Amino acid sequence: MNRIGFGLLGSAGAAALLLMALPTTALAQAKPGDRVVLVPHRAVYDLVLDDGKPAKNIEAARGRIAFDFTGDACEGYALSFRQVTQLTSEGGPRTIDARTTSFEAGDGQSYRFKTESSASGAPAEIVDGTAKKSGADGYEVKLTAPKAETHREAGDALFPNAQMKALIAAARAGQNTFGVRLYDGANSGKEVYDTLSVIGKRIETPPSEAPLKRPEFEKLARWPVTVSYYKVGSGEVTPAYSISFDLYENGVTGAVRMDYGSFALRGTLTRLDLLPHQDCAK
């Protein structure tokens, strides 16, 4: 699962990456016939407070994620995402509503996004913009909200779907760690994150979530993955945010756990619709 959306609930601010590996390393080890194909799908996850982690100032939590992913490497990838979470603390309930729409070119060279987030009915905070690679010179971000501005990053970074493809390629190649820099437009639209993924051994037991108990998934490889996100330049060693999940080689995720530092949420996949798609040779 991409951080875009999941990460919107957390605050920005974290650390230098502990271990970096170029994404091309994993891709180079994959066989040509093993190209990664992300399947279009709609998914719903029900959220609850993870009682396995002590929560600071959070007594209860519940919510839902609705995720709609379409497209392919030829036409590009479109995402519509909404996460609504109700947190209960000593000060009473607070509802956070985060919505994201994005489109990423199939070759991973351009990305546009719009995020709207609000808490307990307050006016929505909007981040709207585009990012485009500029060869070996990094990439350029143009924002139209919260205000019109342009900034450039000298270093390269992957956009979310390119990151997901590279992660799956790394898992297929047998890597147990994988690092890459990511730009996903989250938070202010100016921040870039170093990510460190820890990939476990391929899972051989059947999935526990009902929507995944279907013939299409019986022969698909899946791995337990934890991705930690570190804000570039923060100099800290604790991630701003981390997410764990079972990752299928077609990009579908289950058994989600989101750690925001002061508390964590668990997400159970309750609905999964695989959408029609045509084969793309890229």
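The values are calculated or read from the model by the stated rules, or taken from the named source; none is laboratory data. The structure presented is a predicted model; accordingly, all values stated were derived computationally and were not measured. For neighbour counting, all protein chains shown are included, and Cβ atoms are generated from backbone atoms with ideal geometry for every residue, glycine included.
A few points about this structure:
- Scan of the stretch 221-238 for residues that are part of a loop (DSSP other than H, G, I, E, B) and either surrounded by 13 or more Cβ atoms within 10 Å (Cβ to Cβ) or modelled with pLDDT of 95 or more (or both), ordered by number: Ala221, Val232, Ser234
- Hey, Ala169 modelled with pLDDT of 95 or more, under 20 Å from Glu104 (Cβ atoms), buried (at least 23 other Cβ atoms within 10 Å of the Cβ) and small (Gly, Ala, Ser) or not: yes
- Screening Ala281 with (1) under 21 Å from Ile168 (Cα atoms); (2) of a type in the set (Gly, Ala, Ser); (3) touching a strand residue (DSSP E or B) at 6+ places or on another chain (Cβ under 8 Å) gives one miss only, at (3).
- The single residue among Pro211, Pro207 that is out of contact with any Cys (no Cβ under 9 Å at 6 or more places or on another chain), more than 28 Å from Thr115 (Cβ to Cβ) and surrounded by fewer than 21 Cβ atoms within 10 Å (Cβ to Cβ) turns out to be Pro207.
- Evaluation of Ser244 against the conditions (1) closer than 20 Å to Phe67 by Cα; (2) touching a residue at least 40 places away in the same chain (Cβ under 8 Å); (3) not β-branched (Val, Ile, Thr) shows that the sole unmet condition is (2).
- Count of the stretch 130-182 residues, restricted to those that are without any contact (Cβ under 8 Å) to a residue 12 or more places away in the chain and either charged (D, E, K, R) or touching a helix residue (DSSP H, G or I) at 6+ places or on another chain (Cβ under 6 Å) (or both), is 2.
- Selection status of Ala186, in a strand (DSSP E or B), surrounded by 14 or more Cβ atoms within 10 Å (Cβ to Cβ) and among the aliphatic types (A, V, I, L, M): no
- Pairs are defined by a Cβ separation below 7 Å, a sequence spacing of at least 6 or placement on different chains, a first member in the stretch 40-60 that is farther than 16 Å from Thr85 by Cβ, and a second member that is β-branched (Val, Ile, Thr) and at pLDDT 90 or above; the pairs so defined are Pro40/Thr70; His41/Val252.
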